[in-house]
Amino acid sequence: MDVVRTITATRVAVSRLAAVAFVPTMGALHEGHLSLIRRAKELADHVVVSIFVNPTQFNDPADLKKYPRPLEDDLAKCREEEVALVFNPTPEEIYPPTEIPVRIDVPSLANGLEGADRPGHFEGVCRVCMKLFNIVQPNVSCFGMKDYQQLKVIEAMVAAACLPMSVERCETVRDPDGLALSSRNVRLSPEDRKHALGLSKALSEAERLIADGESDPQVIERAMTQVIEAHHGKVGYAVARNARSLAPLDIINPQTESVVCLVAAEVGEVRLIDNRVIAPVPRQ
Ligand code: PAF
């Protein structure tokens, strides 16, 4: 496995590879990331992984500073998964001080939910992903469904910019009790780890209500909020949305329009997100 730190070296290395599947990450790799790498391996001859804690997607400098960076551990995991190339640039390599910044934005998908709680977040995600896609030039790039809004924003950006690649949606990986894997889970105390189950339980409750015919989004949203609060979580949002556009719904009818339930909550000191798509998600 090669590890390269410059854009030029990455371009030279990928030009020698046949079909490439790309997994962009911020490191601190867990089973969720490894499942993306394994899916990538099924999709192309070679897997390229980027490990870059992207400063432009953090609106809180303290959060950026404390983001874990276990690089040697991450590289060992990539070697074990037979990754062909790891791109691990410095912030200056990606954002040279002389660069005139270009905004890439998908406002209708990016402004609510995570975008409302973390202003500028998706602009930073789009900015770095556009650069990474142009550097690596993959045939396909794998993204997890856990960050559903991010996935939708990236799909829209790739389509609108006519990038010659596809985006592969990969299922959320969960602990056996249902908690969605996240780099943040290690910061949960044993007690909060139990409380964190409120998120996946809220989504199960929403799914149950919708399967029973409940069509009022407000009823679903109240039910999700109650489950999370009963588990001592502080709700950021608990909403049922159109799965394609993320727009609010007047009425839930999963037969005619796919629904995604999305939740964000602070559990102890840790902010967690999760979601569940209730019916097959139509492609854009
Ligand atoms: O999902 C992430 O880890 C990041 O948002 C991504 C896609 C690697 C961009 O920095």
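The values are calculated or read from the model by the stated rules, or taken from the named source; none is laboratory data. Quick caveat: nothing in here was measured; it's all calculated off a predicted structure. Methodologically, a virtual Cβ is constructed for each residue, glycine included, from the backbone with ideal geometry; neighbour enumeration extends over all protein chains shown.
Are there any pairs with C-beta distances below 7 angstrom linking a residue in segment 79-94 that is in contact (Cβ under 8 Å) with a residue 40 or more places away in the chain to a residue that is of a type in the set (D, E), with the two at least 6 apart or on different chains, and if so which?
L85/D2
Residue under question is V125, and the condition is that it be touching a residue at least 24 places away in the same chain (Cβ under 8 Å), surrounded by 21 or more Cβ atoms within 10 Å (Cβ to Cβ), within 15 Å of the ligand (Cβ to nearest atom) and assigned to a helix (DSSP H, G or I); does it hold?
Working: touching a residue at least 24 places away in the same chain (Cβ under 8 Å): yes; surrounded by 21 or more Cβ atoms within 10 Å (Cβ to Cβ): yes; within 15 Å of the ligand (Cβ to nearest atom): yes; assigned to a helix (DSSP H, G or I): yes.
The answer is yes for V125.
Which members of segment 136-179 meet the condition of being aliphatic (A, V, I, L, M) and away from the ligand (no atom under 13 Å from the Cβ)?
V140, A156, A159, A160, A161, L163, M165, V173, L179
Regarding G112, is this residue modelled with pLDDT under 95 and either within 14 Å of the ligand (Cβ to nearest atom) or in contact with a helix residue (DSSP H, G or I) (Cβ under 9 Å, 6 or more places away or on another chain) (or both)?
Values: modelled with pLDDT under 95: yes; either within 14 Å of the ligand (Cβ to nearest atom) or in contact with a helix residue (DSSP H, G or I) (Cβ under 9 Å, 6 or more places away or on another chain) (or both): yes.
Yes, satisfied.
Testing D117 on (1) under 22 Å from L64 (Cβ atoms); (2) within 13 Å of the ligand (Cβ to nearest atom), one condition comes back false. Which one is that?
(2)
Within segment 219-228, does at least one residue satisfy the condition of being surrounded by fewer than 17 Cβ atoms within 10 Å (Cβ to Cβ), of a type in the set (V, I, T) and at pLDDT 95 or above?
yes
Of all residues in segment 174-184, count the ones that are on the phi < 0 side of the Ramachandran plot and surrounded by fewer than 18 Cβ atoms within 10 Å (Cβ to Cβ).
6
Quick one: which helices (runs of 4 or more DSSP H) lie wholly within segment 165-239 and hold at least 2 residues that are within 18 Å of L113 (Cβ to Cβ)?
Answer list for segment 165-239: 197-211, 217-230.
What number of residues in segment 248-280 are part of a loop (DSSP other than H, G, I, E, B), in contact (Cβ under 8 Å) with a residue 60 or more places away in the chain and not charged (D, E, K, R)?
At the first step, the residues of segment 248-280 found to be part of a loop (DSSP other than H, G, I, E, B) are 249-258, 268-269, 278-280.
If we keep only those that are in contact (Cβ under 8 Å) with a residue 60 or more places away in the chain too, we end up with 268-269, 278.
Still in the list and also not charged (D, E, K, R): 268, 278.
So the count comes out to 2.
Collect the residues in segment 124-178 that are of a type in the set (D, E) and under 21 Å from P107 (Cα atoms), keeping them in residue-number order. Talk me through it step by step, then tell me what you get.
To start, the set of residues in segment 124-178 that are of a type in the set (D, E) comprises 147, 155, 168, 171, 175, 177.
Result: D147, E155.
Residues P68, P61, P91: which one is at pLDDT below 95 and within 13 Å of the ligand (Cβ to nearest atom)?
It is P68.
How about segment 148-159: which of its residues are farther than 16 Å from K131 by Cβ and either more than 12 Å from the chain's Cα centre (by Cα) or touching a residue at least 40 places away in the same chain (Cβ under 8 Å) (or both)?
Of everything in segment 148-159, those that are farther than 16 Å from K131 by Cβ and either more than 12 Å from the chain's Cα centre (by Cα) or touching a residue at least 40 places away in the same chain (Cβ under 8 Å) (or both) turn out to be Y148, Q149, K152, E155, A156, A159.
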